[in-house]
């Protein structure tokens, strides 16, 4: 299927249209939805840990084989299942069932907003061997289909919200996304997720403003015909705000901004994700980083504050480690025909149980050179 992928995946205009509509709807709803809207019990709410499940689901477009895409869904569901089970044990609740699992899966899917979700699910339905789509795989895949159907038809009533409030939230979400996508200096849409590091620009602005003030103080003193510095002047110098004070001031200023998109015009990479960057943009990004470091260090020295430093990484050591890893992989040699079709079991940190693979010990086709290695099924 990897060779036919370009011809059979999202090949119909109707599928592409549904993908866009579903993605836009998830981008809007994820701005204001809360676990309480889906009747998720407080004992089972753990949004920080759910990020792992979101990341597993977002990998679905990295692969071309139906089996590999299905594994991304299974890993997402297994993370959710393990988290719910651990939460039930900690809170002495009854073991979680479908009534607890499905709302969390819907919430995780909304927050993840996986690309081309509708086309990916259709692709698995059409081309995954039915004899393999059974048992645990069929259960989790059916839940994902239910989550997609719920999101497609979501309205105020389905998330326990007043109709007027729902419409206000949707309009506010559209305004946020519109301010993001219409910013000409931001070449990367944020996929419906508004940037979390909003105070950055104003912190830098406040730092630069106070830096200019601090630099002007001694120059004005030099022009005062050699007047001696009095204790009052010394007290004024001592009142120069610290970096922490300036950061807090900038954070308060950002809360009063009306046009947030204009605040970040000079920082186009703030809205970018790792997968959005290209090799051509690495040089520009590195230059921006160097300028930022120089400004920060100069400001720290000017204020007499030591800048926090991190142990530098040695590029040569990293390159050597990667070369050794590659050499170890190549020295292992090809496996025999039977072992080549098996998928290794991945042990994760969040569980110690050992479970066999998804009753699937064969991969339909070898992944092409430009595709990542086949995903491994999480245990648990």
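The values are calculated or read from the model by the stated rules, or taken from the named source; none is laboratory data. None of the values given here were measured: they were computed from a predicted structure. Here Cβ is always computed from backbone atoms with ideal geometry, including for glycine, and neighbour counts include all displayed protein chains.
Structure above, values below:
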item	result
Answer residue from the stretch 173-186, given it is in a helix (DSSP H, G or I) and surrounded by 13 or more Cβ atoms within 10 Å (Cβ to Cβ) and is modelled with the lowest pLDDT among those	181
Residue selected from the stretch 104-154 under the condition outside any helix (DSSP H, G or I) and touching a helix residue (DSSP H, G or I) at 6+ places or on another chain (Cβ under 6 Å), by the criterion surrounded by the fewest Cβ atoms within 10 Å (Cβ to Cβ)	115
Helices (runs of 4 or more DSSP H) completely within the stretch 1-60 that count 1 or more residues being over 28 Å from residue 90 (Cβ atoms) and in contact with a helix residue (DSSP H, G or I) (Cβ under 9 Å, 6 or more places away or on another chain)	5-8, 13-29
Answer from 167, 100 - the residue that is modelled with pLDDT of 90 or more and over 18 Å from residue 35 (Cα atoms)	167
